[in-house]
Every structure is written in C-alpha cells, then in structure tokens.
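The values are calculated or read from the model by the stated rules, or taken from the named source; none is laboratory data. Values in this document were obtained by computation on a predicted structure and should not be read as measured data. Note that each Cβ is placed from the backbone with ideal geometry, even for glycine, and that neighbours are counted across all protein chains shown.
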Amino acid sequence: MTDTDQDRLLRAALEHVPFDGMNERALLAGARDIGLPQALARVHFPQGGAGLAAAYHRRADASLRDWLATSPPEGRFRDRVAEAVWQRLKLVDPELVRAGAAVLALPQNSVLAARLVWETADVIWVGLGDNSDDANWYSKRATLSAVISATVLFWLGDMSEGHQDTREFLDRRIDGVMRFEMVKSRLSKLPGADMLARAAFGWIRPPRDRDLPGKQDYR
C-alpha cells in the first residue's frame, strides 16, 4: 500500500496524543514534524480530533480484516467471534483508545462513534463468512456492536495480568449473544414466523452495490 501524506500525518499526530490529547493540537504538531502545511493537515482531517480517532480506529479495522483473511480463527463459532474481538483489542494502544473515546463521546461525535463500532462488527462478521442478506444482517451487527462497546469499556479499566478479566468478560458476553441467536433461530421455526418476519422486517436489506461500512479504508 502506498504511504500517503495522510498515513504519515496520522502516525506523526498519534505520537503527540499522549501529551496533547486526541485533538487539533496533536494533529498540527504531527504536521509540523513531517513538514506538512497546517492548512493541508486540516484538509486531511477536517474533523480534527474526531477525524484522528476515526482514522486510528479504521486503521486497526484494516489490520483486523487482513488478519481474518490470512489467519482466520478456528474452533466453535462462538470461539471464533471471541477471538476476533480479542485480536481487535490487541491491535490498539489503550492510551490512544482512551483519548479517542474521550473525543468521540462528545455529543457532536455520537453518530460517528456508533458508526465506527458498527464497522468493526461488520469486519468481524464478514471476515468469519457471514452471508446474511436480511434482517439478520442488522441484528448480528447490532448485537456484536454492543459486545464490542462493553468489552472496550471494561478493557480500559482492567488492571489484571494480560487483561485476563477482560477475556473472561468477553467470553460471557459472547455466550449471551450465542444464546440470543439460538432463541432467534427457534422462533423463526414457529408456524407463521416467516410471514411475521417479512411483515416486520421485509423492507430491511443490507447495503448492496456499494462498500459495506466495515469494508472502507481507514483513510
């Protein structure tokens, strides 16, 4: 992949985040480090700190997508999902995630924050071979997004060795998702369930003929 000015700026700005926070100060300091005009830095990241946080998040998603393609986890499906989420945590620095979470928690960034988590869930489902094209496409990503969000919050405060408490927390949440999927599967077999599902969710379709949210490049 070609190393662009935006790539270089992202790396340089992240070096300043621990000291300045995930904000425009870090962005402009990074631009200064690589000799990039401030005006051009703002062109690459017009959202300032939120843009930096999003780029860092999507860079990790891109790495996770590559990992799932080259080293897919094995075993039971629930274990594969858990391992994918665990791998996603390994790809980021807690201090940078904490700084990004602070800026994404601002009201004006709430939609972006939700979309980023959804994108990560999509990367995982697609990487594990999900081919649903109905309401399941949404429910799977919605439930996994909730798991990811809760796990990240737990992870940020986890002081256990090797974040073992986080792994146990993640496993419990994944078990909950699997139970939900089993109940949903049983309900779908009830008489008239298919008709009710079409009536309630027949209009829902995952995006087609365009990149899925989780597939887009972090740039």
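Could you please find all residues in the stretch 137-162 being of a type in the set (Ser, Thr, Tyr) and in contact (Cβ under 8 Å) with a residue 24 or more places away in the chain?
Passing the criteria: Tyr138, Ser139, Thr143, Ser145, Ser149, Thr151.
Can you tell me which residues in the stretch 85-123 are of a type in the set (S, T, N, Q) and exposed (fewer than 15 other Cβ atoms within 10 Å of the Cβ)?
Those that are of a type in the set (S, T, N, Q) and exposed (fewer than 15 other Cβ atoms within 10 Å of the Cβ): Gln108, Ser110.
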Breaking point among (1) over 12 Å from the mean Cα position of the chain (by Cα); (2) not in a helix (DSSP H, G or I), for Leu96: (2)
Only listed residue being surrounded by fewer than 20 Cβ atoms within 10 Å (Cβ to Cβ) and of a type outside the set (A, V, I, L, M), chosen from Phe19, Phe45: Phe19
Given (1) over 29 Å from Glu168 (Cα atoms); (2) in contact with a Lys or Arg (Cβ under 6 Å, 6 or more places away or on another chain), index of the condition Gly48 fails: (2)
All positions within the stretch 131-168 that are surrounded by 15 or more Cβ atoms within 10 Å (Cβ to Cβ), within 23 Å of Ser63 (Cβ to Cβ) and more than 16 Å from the chain's Cα centre (by Cα): Asp158, His163, Thr166, Arg167
Scope the stretch 47-83; condition part of a loop (DSSP other than H, G, I, E, B) and either in contact (Cβ under 8 Å) with a residue 60 or more places away in the chain or more than 17 Å from Gly21 (Cα to Cα) (or both); matching residues: Gln47, Ser71, Pro72, Pro73, Glu74, Gly75, Arg76
Selection within the stretch 131-145 - at pLDDT 80 or above and assigned to a loop (DSSP other than H, G, I, E, B): Asn131, Ser132
Any hit, the stretch 74-84, residues being closer than 26 Å to Arg11 by Cβ, touching a Gly at 6+ places or on another chain (Cβ under 8 Å), surrounded by 14 or more Cβ atoms within 10 Å (Cβ to Cβ) and not polar (S, T, N, Q): yes
So Glu74, is it over 19 Å from the mean Cα position of the chain (by Cα) and within 23 Å of Ala102 (Cβ to Cβ): no
